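The values are calculated or read from the model by the stated rules, or taken from the named source; none is laboratory data. Keep in mind the model is a prediction, meaning the values are calculated, not measured. All Cβ positions, glycine included, derive from the backbone under ideal geometry; neighbour counts span all protein chains shown. All accessible areas refer to the heavy atoms of the entire protein, side chains included, with ligands and DNA or RNA removed. Shrake-Rupley method; radii C 1.70, N 1.55, O 1.52, S 1.80 Å.
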Amino acid sequence: MSPRYGDYQLEIYLAGTKGLLPRFPVDFAGMERRAAEALPPWVLSYVAGGAGDERTQRANVEAFEKWGLVPRMMEGAYDRDLSTTLFGIELPHPLFLCPIGVLGICAQDLHGDLATARAAARTGVPMIASTLSQDPMEEVAKALGDTPGFFQLYPPNDRDLAVSFIQRAERAGFRALVVTLDTWVTGWRPRDLNTANFPQLRGYCLANYTSDEHFRKQLRSSDPAEVVGLFARTFGFSMRWEDLAWMREATSLPIVLKGISHPEDVRKAKDHGVDGIYCSNHGGRQANGGLPALQTLPEVVEAAGDTPVLFDSGVRSGSDVVKALAMGATAVGSGRPHVYALAVGGEEGVVHHLRSFLAEADLLMAVDGFPDLARLRAAGLRRVD
């Protein structure tokens, strides 16, 4: 029998009969408010901010309001099967944790990557670990236990360093390589610019660099300014399709391209043997003025065919997860929501957040009469008039 994720609400209600209220909010707005109290202003602005006037960031969220499910009754949805498959890995549900480059400093002890990995291990939610972490990838992979982890790569302009990162990730036990395409240069982010705030240039979240033998060999000294300077000189490589050849030679891991929104790019990716497509506009953090990622998802899914499609951008609830799945996404990621949960409650906060997302998604499918993802996708969505 598939897990009944919706039973989490019964735990909350039964605890209430004993006078116990949830330690953390179950909704995004509540968690966001609590996180604003918990995070230092410079970290909060970096996490919450987006590109330009943040119109695309807002549009990502608002896009979900423009689509609605049409319930189907008498379908026997008492038991729900939310299982899915990614790169041959059977997963009990389609939720995953997006890579977050400042996740480490969003925890009170500045080890948020490890706390999130432990929460992933407890809930069975796959985690995509970022290149920019406070702890080395090997320690993050170890904290994940048996829960699948994927490694997200910001390709550096030093190919030997890129290969080193990739091969370290494979040796550490990560199950796929997620290559981010839209952050070889940072977008125009007024919140950060107005406070001259770039955490990595202050020496944070560089553990994968400072723990890398190839990177250390290029340092002239251990001076923190030298470390940051070398990072700044090597970060950022604008990928071309031919670069997939040397990446494929460097690893046997499945390769996923993150930041794909155009169907022609999907077709090119398939022609180059890519194993997965990640439809995302970086949550609106990198480029303003674009379409909401959800609006581009249907064409990406159609062009992908049998190739799995991961999705993020604007996801704020379990209901949003279900809508993205109904549009054809294979798996859907939580970004800012789990960062705020980490800030509010550490490992326990992330566990609570993930169980809440899964419970809402499970209950929505139950109430609307969808016993599995296949029937959800067959029903699809309708535009809200």
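Residues that are in contact with a strand residue (DSSP E or B) (Cβ under 8 Å, 6 or more places away or on another chain), over 29 Å from SER45 (Cβ atoms) and open to solvent by less than 70 Å² (accessible area, probe 1.4 Å) number at least 1 in the following helices (runs of 4 or more DSSP H) confined to the stretch 138-239: 159-172.
Filter the stretch 23-58 down to residues that are free of Cβ contacts under 8 Å to residues at least 60 places away in the same chain and among the small types (Gly, Ala, Ser) and give me whichever is surrounded by the fewest Cβ atoms within 10 Å (Cβ to Cβ). So, considering only residues that are free of Cβ contacts under 8 Å to residues at least 60 places away in the same chain and among the small types (Gly, Ala, Ser), the one surrounded by the fewest Cβ atoms within 10 Å (Cβ to Cβ) is ALA29. Give the residue that is nearest to LEU153 (Cα to Cα), with candidates limited to residues of the stretch 240-252 that are open to solvent by less than 20 Å² (accessible area, probe 1.4 Å) and among the aliphatic types (A, V, I, L, M). Result: MET247. Here ALA59 clears all of (1) small (Gly, Ala, Ser); (2) touching a strand residue (DSSP E or B) at 6+ places or on another chain (Cβ under 9 Å); (3) over 30 Å from ASP146 (Cβ atoms) except the condition numbered (2). When residues in the stretch 4-22 are screened for being among the hydrophobic types (A, V, I, L, M, F, W, C), surrounded by 10 or more Cβ atoms within 10 Å (Cβ to Cβ) and in a loop (DSSP other than H, G, I, E, B), 1 of them pass. In this structure, SER211 does satisfy being farther than 29 Å from ALA287 by Cβ and in contact (Cβ under 8 Å) with a residue 40 or more places away in the chain.
GLY124 - would you say it is small (Gly, Ala, Ser), at positive phi and touching a residue at least 60 places away in the same chain (Cβ under 8 Å)? When the stated conditions are applied, GLY124 does not pass them. Among the residues of the stretch 278-287, is any out of contact with any Gly (no Cβ under 8 Å at 6 or more places or on another chain) and under 19 Å from PHE150 (Cα atoms)? Among the residues of the stretch 278-287, at least one is out of contact with any Gly (no Cβ under 8 Å at 6 or more places or on another chain) and under 19 Å from PHE150 (Cα atoms), which makes the answer yes. Cβ-Cβ distances below 9 Å connect the following pairs, each with a first residue in the stretch 228-240 that is closer than 11 Å to VAL185 by Cα, a second residue that is among the charged types (D, E, K, R), and a separation of six or more residues or different chains: PHE237/ASP158; PHE237/ARG159; PHE237/ASP243. Among the conditions (1) within 30 Å of GLY88 (Cα to Cα); (2) touching a residue at least 40 places away in the same chain (Cβ under 8 Å); (3) in contact with a helix residue (DSSP H, G or I) (Cβ under 9 Å, 6 or more places away or on another chain), the only one that LEU244 does not satisfy is (2).
Which of the residues that make up the stretch 91-106 are among the small types (Gly, Ala, Ser) and crowded, with 24+ Cβ neighbours inside 10 Å?
GLY104
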